[in-house]
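Here's the structure we're looking at; comments come further down.
The values are calculated or read from the model by the stated rules, or taken from the named source; none is laboratory data. None of the values given here were measured: they were computed from a predicted structure. Every residue, glycine as well, gets a Cβ built from its backbone with ideal geometry; the counts of neighbours run over all protein chains shown.
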Amino acid sequence: MKAKDYIDLEQKYGAHNYHPLPVVITKAKGVWVWDVDGKKYIDMLSSYSAINQGHLHPKIVRAAVDQMKRVTLTSRAFSNDRMGPFLKKLCKVSGMEMALPMNTGAEAVETSIKLARRYAHQKRGVPENEGEIIVCENNFHGRTTTIVGFSSDPDSRRGFGPFTPGFVTIPYNDIPAFRKAINSKTIGILVEPIQGEAGIFVPDEGYLTELRRICTEKGILMILDEIQTGFARTGKMFCYQHENAKPDILCVGKALGGGLYPVSASLSSREIMSVFTPGSHGSTFGGNPLAAAIGEASLDILIDEKLADRSKEMGAYFLKGLQDIKSKKIKTIRAKGLLIGVEFRLGQGETVRPICEKLMKKGVLAKDTHEKTVRFAPPLVISKKEIDWAMARIKEVFESA
């Protein structure tokens, strides 16, 4: 079968909820992928930062295969010998005290919302069914009905109401608006340290620190969604560490599964997590032995290979290459580590999709986001030589845009 045959088959039998680039991947290794016709591409998306350790890292694959030979699923009706060691390592890496393991990033966010609400009702005296969580415009926290209800993206919301109440929206990177939104029913704020899906929007320096200070002052919870920014993507193990703005609740996922398996978690203090009791929340697959083995190996790679330092170094090198490109079409470049967005000046009705298609033809797979921005987020194991290979092609496409 040719690429078109696979695409036609997917279009016929699959729901049309994505608009992928016309490439059909069949093999991957490190920062590289190959299509069904044998063409080689450099991966500049990392499955939205889920493959920080690179495709099919041998140590993560070995951990998965070894565990699959023993036991893969027990459910939480029983304990298994992998979850405890995994959660201990995850808590140590994140600086938190307890974790509740789930599967997808959206589940981690939903868990954190439930955790924040129950804590506010039981410990802070916020009346049940009246609490409010502050969120930011242009957020992306997942695709569940509750989450899309507080999205400001019309494509995410249209036709999916009625929506869950209890959320108040303010502009991102706006401290005065945050202060103004706080009242006696405020539970806390759910926020991304960098807005990834919105186009890699990096807030002003000190934004997270001030959020942390105000949350402490007002006695409300700071909930950080580090599903995309976490696990070394921005040059620190977690983005909040750039400002030492430790959250009360931390949402993690994506790279925790090493690109092999969905693994996520909501992390917090022992006091806050104590409001969950048997039967109040759960997941058949959350914390299963296979997920725990993969998650632990994924964390080991991040630590042992010093991928946070590598992200910082390679991110600066990548950014310098982009800044040297001569193109009046480039409006701005936003970056933190190896999370980079290039926004273009476009005419009415234009998008950067054609630019991403031209990059694809040159062997570079990147993602368009919010029509005007090209996102680059390669696996953190990328080398300078590989960046140079990609940059030669990026430069050619951008300068001819």
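Within region 256-264, is there a residue that is touching a residue at least 12 places away in the same chain (Cβ under 8 Å), on the phi > 0 side of the Ramachandran plot and of a type outside the set (Ser, Thr, Tyr)? Steps first, please.
To start, the set of residues in region 256-264 that are touching a residue at least 12 places away in the same chain (Cβ under 8 Å) comprises 256-264.
Okay, now just the ones that are also on the phi > 0 side of the Ramachandran plot, so 258-259.
From the residues that got through so far, the ones that are of a type outside the set (Ser, Thr, Tyr) too are 258-259.
There is at least one residue in region 256-264 that is touching a residue at least 12 places away in the same chain (Cβ under 8 Å), on the phi > 0 side of the Ramachandran plot and of a type outside the set (Ser, Thr, Tyr).
Please go through region 310-348 and give me each residue that is in a loop (DSSP other than H, G, I, E, B) and more than 20 Å from residue 400 (Cβ to Cβ), ordered by number.
Residues satisfying the conditions are 337, 338, 348.
Just one of 296, 271 is assigned by TED's automatic domain parsing to the domain that holds residue 68, among the acidic types (Asp, Glu), surrounded by 23 or more Cβ atoms within 10 Å (Cβ to Cβ) and over 30 Å from residue 39 (Cα atoms); which is it?
Details: 271 fails: surrounded by 23 or more Cβ atoms within 10 Å (Cβ to Cβ).
None of the other options fit; the residue is 296.
I'm checking my understanding of the structure. Among residues of region 95-128 that are free of Cβ contacts under 8 Å to residues at least 24 places away in the same chain and assigned to a loop (DSSP other than H, G, I, E, B), which one is surrounded by the fewest Cβ atoms within 10 Å (Cβ to Cβ)?
Just the residues of region 95-128 that are free of Cβ contacts under 8 Å to residues at least 24 places away in the same chain, to begin with: 121, 125, 128.
Keeping just the survivors that are assigned to a loop (DSSP other than H, G, I, E, B) gives 125, 128.
Numbers: 125: 8, 128: 10.
Looking at residues that are free of Cβ contacts under 8 Å to residues at least 24 places away in the same chain and assigned to a loop (DSSP other than H, G, I, E, B), I get 125.
Does residue 274 satisfy the criteria of being under 22 Å from residue 91 (Cα atoms) and free of Cβ contacts under 8 Å to residues at least 60 places away in the same chain?
yes
Please determine, by comparing only the residues of region 229-247 that are more than 21 Å from residue 45 (Cα to Cα) and surrounded by fewer than 24 Cβ atoms within 10 Å (Cβ to Cβ), which one is modelled with the lowest pLDDT.
Kept after step one, since they are more than 21 Å from residue 45 (Cα to Cα), are these residues of region 229-247: 240-247.
When the remaining residues are screened for being surrounded by fewer than 24 Cβ atoms within 10 Å (Cβ to Cβ), the result is 241-246.
Details: 241: 98, 242: 98, 243: 96, 244: 87, 245: 97, 246: 98.
Ranking the qualifying residues of region 229-247, first place goes to 244.
Any residue that is small (Gly, Ala, Ser), within 27 Å of residue 241 (Cα to Cα) and not assigned by TED's automatic domain parsing to the domain that holds residue 152 - is there at least one of those in region 377-399?
Scanning region 377-399 turns up at least one residue that is small (Gly, Ala, Ser), within 27 Å of residue 241 (Cα to Cα) and not assigned by TED's automatic domain parsing to the domain that holds residue 152.
Consider residue 202 against the criteria (1) more than 30 Å from residue 77 (Cα to Cα); (2) within 19 Å of the chain's Cα centre (by Cα); (3) crowded, with 24+ Cβ neighbours inside 10 Å: it satisfies all of them except one. Which criterion is unmet?
Status for residue 202: all satisfied but (3).
With the checklist (1) touching a residue at least 12 places away in the same chain (Cβ under 8 Å); (2) outside the structural domain of residue 267 (by TED's automatic domain parsing); (3) outside any helix (DSSP H, G or I); (4) not aliphatic (A, V, I, L, M) in hand, flag the one item residue 48 doesn't pass.
Result: residue 48 passes all but (3).
Which of the residues that make up region 200-238 are in contact with a Lys or Arg (Cβ under 8 Å, 6 or more places away or on another chain), over 25 Å from residue 107 (Cβ atoms) and either of a type in the set (Gly, Ala, Ser) or touching a residue at least 40 places away in the same chain (Cβ under 8 Å) (or both)?
Scanning region 200-238 gives 202, 219, 235.
Taking the residues in region 299-308 that are touching a residue at least 24 places away in the same chain (Cβ under 8 Å) and part of a helix (DSSP H, G or I) as candidates, determine which candidate is surrounded by the fewest Cβ atoms within 10 Å (Cβ to Cβ).
The initial filter retains those residues of region 299-308 that are touching a residue at least 24 places away in the same chain (Cβ under 8 Å), namely 299-303, 305, 307-308.
Then drop every residue that is not part of a helix (DSSP H, G or I), which leaves 299-303, 307-308.
Details: 299: 22, 300: 17, 301: 23, 302: 24, 303: 15, 307: 26, 308: 22.
Only one residue tops the list, namely 303.
Out of all the residues in region 47-89, which are modelled with pLDDT of 95 or more and at positive phi?
47, 48, 49, 54, 56
Quick one: in region 205-228, which of the residues that are of a type in the set (A, V, I, L, M) and buried (at least 21 other Cβ atoms within 10 Å of the Cβ) is nearest to residue 263 (Cα to Cα)?
227
Please count how many residues of region 360-387 are free of Cβ contacts under 8 Å to residues at least 60 places away in the same chain and part of a helix (DSSP H, G or I). Break it down into steps so the answer makes sense when it comes.
As a first pass, look at region 360-387 and keep what is free of Cβ contacts under 8 Å to residues at least 60 places away in the same chain: 361-362, 368, 371, 374, 385.
From what's left, part of a helix (DSSP H, G or I): 361-362, 385.
So the count comes out to 3.
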